[in-house]
Structures are given as C-alpha cells and as structure tokens.
Amino acid sequence: MFDLSKRRHSKILYILLNQQKLTINQLAKSCKVSSRTIRSDLDKLEKELSKMGIILHKKPGVGVWLESEYDKSMWLKEYISKTITFKSNCSPLDRRAEIIKMLLENKRYTCKLLAEELYVSRSTINKDLAKIKKWLSNYNLTLENHQQSFIRIKGEERDLRGAIVEVLFKLIEEEKLEEINMLLKNNHNVDPKDYDILRDFSAEVDLKNIKKIIDSKEIKDSFLFTDISKLSLIFYITISIKRVKEGKKIKLLVQDRLRLKRLKLFKLAKILGRRAEEDFEVIISEDELCGAFIQFLCADVYYDKTLATKEDILKKLNITILDISRRFIGIVEEELDVNLEDDIDLFLDLILHIRHIYNHFRYQVPKMIVNELDNLIINRIKENNPEIIEISNRIIDVFRQYHINIISQRDIDYIAILLLSAFEKQTKKVKAIIINNEALIINELMVSRLITSISNLEIIDYIYSKEVSQKRLKDADLIITSNQRITLPEAIVISPLVKEKDIQLIRNKIKLKLKSKIL
C-alpha cells in the first residue's frame, strides 16, 4: 500500500501533479516550510513512488517533476483526492473553527502538528490559538497550551456541548444546513453519517426521531421555536446522546438542579426524558435531564400566526421580562416617535429577544452565536443612524435595574437592527427638492451621500436655480443645495461633501417638521 506519512507529502504530490516543473524553493514557499524540510520530504517520497514505478526527478537548476505512465499518474491523482482535504485556501475564521473541531474531538495535537495538518506556519497557529482562547471564554472553557505538550480544551461538559453545537453551525455549509432543515420540516429521515462534520459528533440516531420529540404536543403547548433554535436543540440532543454513551456526563450543582425541578415545566422534561430513553436506548440521569431542560428554556422563540396569538405568547412570558420590555419599549417609542405595538411581529421579536437575554442570565447558559450579525450592516447603522445605536444602548440601563449585567455587543447590535426596521417602516418619507450645483459631478456626489446617510429622505425633483418657482417648491418639505449663491431663506445650504454637521442639520429640520405636524 502506498504510504503518505504526512499530509504535507500529499500536498507536495498534488502540486507536482498539477505543475510541469517546480524548484525546491517554490515548493517550500507553497508548503510554508524550509527548503531543507522539502528536500527531506522529497527523499522519502522518492522511495515510496519508486515502489509504484513512478519516478521523482530532482535536478539542480532545472527543478522537481514526476514521470510516470498515464494510468499510474491518474491513479495517483485519484488516490490523493480521496485521502486529503485541502484547507490551505480557507479563511482565518474557517481555519479557527476547524482547529476548534479538531481539539473538541479529543485528538492529540501540538502546535507543530496543527501547522502541518492545515498547511500554515506555527506562528499563524499561535495567533489562531490566541483568538480561539478568547472565543472559548464565551463558553466558560479554557485552552491549555503548554510548550512540548498537547493542546487541550478544558471545561464543564455542559459548556463543551454548547461549543460543539456552535462549531457545527460554523463548519457545516449553509446549503447543507438548509438541506437538513428542509428534510426535517418535511418529516424525512436525516442520517448524520451523510454529513461529514455532523458524523464526527452525532450519535447514530435519525435526527427525524429527535424532531418528533421536540414537535410533541406537550412541547408545542409550552414552547415556540425558530427554525435555527429547533435545529440547534436537535444537534444538542444528538451530541448529548453520543457523549453520554461515551461516559461524558453533565454534573450540575445541587442548588441549580433543585431550582430547575421547582419549575412547573420540569414535568415536561421528565416525560420527554423517558421517551428519549426508550427511543435511543440511553440512560438519562437527572443532571442530563436538567441540562437538556435548560437548553429548551433558553432557546429562541418566535411569533407565528399559525401557532398562537400575540396575547397567548405574552401570557407565556415571565412578568419580569414583560416589565423590562415595556420599560425599554417606552424609551424607544418616546425617542423615535413610533408606536411599536402597531407592528406586532417586530414588537414580539423585541420582547422575545429580551426574554432570550434574561433566560441566559437566569440559567447561566453561554449564548450560542449561530448566526453572526453582518458587521457591514451594523457599521452602516452606526454611521448613518447613530441615534438608533444610542437608544439601543439604553437597554443596558434597563437591565441593570434588575441587577443583570450580561448584555453583549451582539445583543445591542441585534436590537439596533430591529429598531431601525421599526423606524424606517413607521417614519414618513420627507420630500426634498435638490437645487443643482452647476458642476454635475459635485451634485451627484452630494445626492449619493444624502441618500446613504438619511434613510427617510425622498428626493422628488432636481432643478436649477433659474427654474425655482413657488409652485414647484410647494410640493417639497425641504429644499437642499450645495450652491452657495442660492439666497432662498428656506433652502438648506450644505457642503457638497455632505459633512457630519450637514447630516445633523437636515435631521434636525426633519424632526422639527414632524413635531410641527407639517408632514
């Protein structure tokens, strides 16, 4: 049998099979190792290849190349494609997720082995490990990385499972996640063995059978789930079954277990636990039962008109959550001059996200970030709607009144997106006429920046100064120009670069219009 003792050897052959001739230095650069290491690798490969009748040529000043019959060359290409998955072109985020997966599998890795496995330098791996250490802290986990020893992720079992769920969402391709979700929605079988990453962490159970438990009448009467939270629960349960069978069990503090058992809904956990024991042939301890119950309590819920009315969902919420929500919504409505209760979906989305934050604090569960917010969107909100960000940050003060201090930047960003949606839906468009600058390119620059910066500004006409008439201006709420020679008293004269002070000036004019009910 052809033996490739290192993944780097496979990469060298892959490169040589796809290039005519390469120098030692070029190979070393591609593999991110020294020329000396490449020479040593080539010596070992030469011996292995000769057994197959393939010649590895090494000529100073000429390069390195392979010589073989066509069928042997094709066999080698097929062999390499089956035995290696290249990760050299993956993004730093994907590479770090892959490292976390490798470490969570409890395989014995050093910094050197990780570098060889992923075709990057040791310094790159060390930088990755520093960021991974910070990420793991979100799950109360630590990274042990001592020189000359293996790298390990350490922490409580319940926290390790939460981290594994997030890694699955990061590494499984979006199309595959959607495929799994659609299969489960349509009650089709889903075998974890059919999905590479899922196979490594999942029990040998059909995910459809787990979904049946979650979809049982008892659960539906008490919980409502988003698609993503239902999928995360299914992943959590299949991971838990596998790890319990491997002897890796959750341990809770006695007081935490007693607190959970006092909740009315805990009787559901017992019913579902018995069903899971029967269906999956696993013994579920009380600690395991409590761990799964916490995941149900902290899962995202959502409003679905086919499942419940607004009033029904509000009845299911803790009185403290409702109180926090109403205080914050009062601030939002006063500051933005909108009525959130007019938008039922958004009103409930905001309340239920507050519930999500509250429950994670109450049950001390690290939050799964299965859908990272688009930084580009957030940065645009910060740039164009700073008042939305400012109001979103007020949620921190409201939660502090209840001695809750765990609000993350992601929570604030998510609330900002919700508030911007409400603001843009309910705010009337302000009609503006632009008096053109003589230089057309300056005019285009100004208009582009205005549209980008002020979301509720609608430009209804463009005119030149000689075309100004009271009849045309009558249709507009605002008149804006960068032409410094315009003398109309109602015209807002701004810089063609649309500076921050110009944006603020226009926003203030809009507020005055709204307050005076001219619009």
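What follows is calculated from the coordinates using simple rules that are stated; it is not laboratory data. Just so you know, these numbers come straight off a predicted model, no measurement behind them. Positions of Cβ are generated from backbone atoms using ideal geometry, with glycine treated the same way; all protein chains shown enter the neighbour counts.
Over the stretch 25-78, all Cα pairs binned in 5 Å intervals from 0 give whole-percent P(r) values of 4, 18, 26, 23, 19, 9, 1, listed from short to long. As a rough footprinting exposure proxy, the listed residues Tyr195, Tyr70 were ranked by other beta carbons within 10 Å of their own, and the order from fewest upward is Tyr70, Tyr195.
Calculated FRET efficiency, Glu490 to Arg394, Cβ-Cβ distance, R0 = 41 Å: about 0.75 to the nearest 0.05. Cβ crowding within 10 Å ranks Lys511, Lys44 as Lys511, Lys44, fewest other Cβ atoms first. Each residue of the stretch 244-254 was assigned a 3J(HN,Hα) from its phi angle through the Karplus curve 6.51 cos²θ - 1.76 cosθ + 1.60 (θ = phi - 60°); the sequence is 5, 5, 8, x, 9, 10, 6, 10, 10, 5, 4 Hz, with glycine and proline shown as x.
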